[in-house]
Amino acid sequence: MQIPKDNIRNNILKAAENIFLEKGYSKTSMREIAAKSNVVLSNIYNYFKNKDEIFCQIVRPVTYAFDKMLHEHHGHSSADILELYSDSYLLYVIQEYIYIIHQHRNLLKILFFCSLGSSLENYKEDFTNRSTLLVKDYLQNMKAKHPQLNIDISDFSIHLHTVWMFTLFEEIIMHKISPGDTEQIIKEYIQFEVIGWRELMKI
């Protein structure tokens with residue numbers, strides 16, 4: 001009986017995910033992925049160009065989640081900045097962070113701690129740089145709409161905004177924080193950060 005191609009592809013991804021999680025990208029070989037997935041090594045290349053493509057496909061749900069979050073909050077079609085600090089919006093952000101942690105804990109671990117040697121080993125830095133530019137542009141647009149806003153905020157402070165977000169996720173994962181405690185920590189973090197941004201921008 002022939003195994004459907006989608007099943008073979010998924011077996012390869014699942015096997016690779018487990019090995020990446022255990023050994024990291026650089027110490028994982030294609031032969032190990034083939035052996036664990038029960039797929040002949042040469043056949044794996046019918047589904048993926050190389051190990052890096054497999055890695056990127058595995059963590060894609062979480063990189064997509066971060067990109068989606070960035071553009072929803074600070075992209076050209078995002079909400080007005082005054083709406084962003086409403087209670088309903090804050091609740092949405094808290095739930096968004098909690099969802100990413102609960103849904104993608106292993107993928108976050110792979111991306112943050114197991115990506116050395118892959119094309120995503122500098123993901124956090126690259127994302128932070130993109131985020132800084134996008135937030136600066138967003139603040140300029142909001143200043144045009146709301147002249148009373150203070151946007152005289154250093155690039156480095158904007159940069160830290162994203163660095164702290166990644167640090168939050170990393171610390172929760174490293175210390176194996178329980179789901180209940182994770183929710184409390186995220187709520188405290190969001191409240192702490194929002195109060196600071198409100199004060200800086202005089203909202």
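Any read-out appearing in this document is the output of simple, stated calculations on the displayed coordinates, not a laboratory observation. Note that the coordinates shown come from a computational prediction; the quantities given were computed from them, not determined experimentally. Note that we place each Cβ from the backbone using ideal geometry, even for glycine, and neighbour counts take in every protein chain shown.
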- Task: Choose one of Ile158, Ser115, Ile81: the residue whose Cα lies farthest towards the positive end of the charge dipole of the chain (beta-carbon charges +1 Lys, Arg; -1 Asp, Glu; about the Cα centre).
- Result: Ser115
- Task: Could you line up Glu17, Glu183, Glu125 from fewest to most neighbouring Cβ atoms inside 10 Å?
- Result: Glu125, Glu183, Glu17
- Message: What whole-number distance in Å separates the alpha-carbon centres of region 68-107 and region 170-191?
- Response: 16 Å
- Message: On a straight-distance basis, which lysines could pair with Lys68 in a cross-link, Cα separation under 18 angstrom, same-chain partners fewer than 8 positions away excluded?
- Response: Lys124, Lys136
- Query: Which helices pass in the chain if a helix is a full DSSP H run, must span at least 18 angstrom along its long axis by Cα, and must have mean Kyte-Doolittle hydropathy not below 0.0?
  - Reply: 87-113, 155-174
- About its Cα centre, the chain carries a charge dipole, from +1 on Lys and Arg Cβ atoms and -1 on Asp and Glu Cβ atoms, whose size in debye to the nearest 20 is 820 debye
- Work out, step by step, the length gained on full extension between Ser119 and Met174: first 0.36 nm times the residue separation, then minus their alpha carbon distance; give nm to one decimal. 17.5 nm
- Provide the gained length on full extension for the span Asp87 to Glu199, in nm with one decimal, where the gain is 0.36 nm per separating residue minus the Cα-Cα distance. 38.7 nm
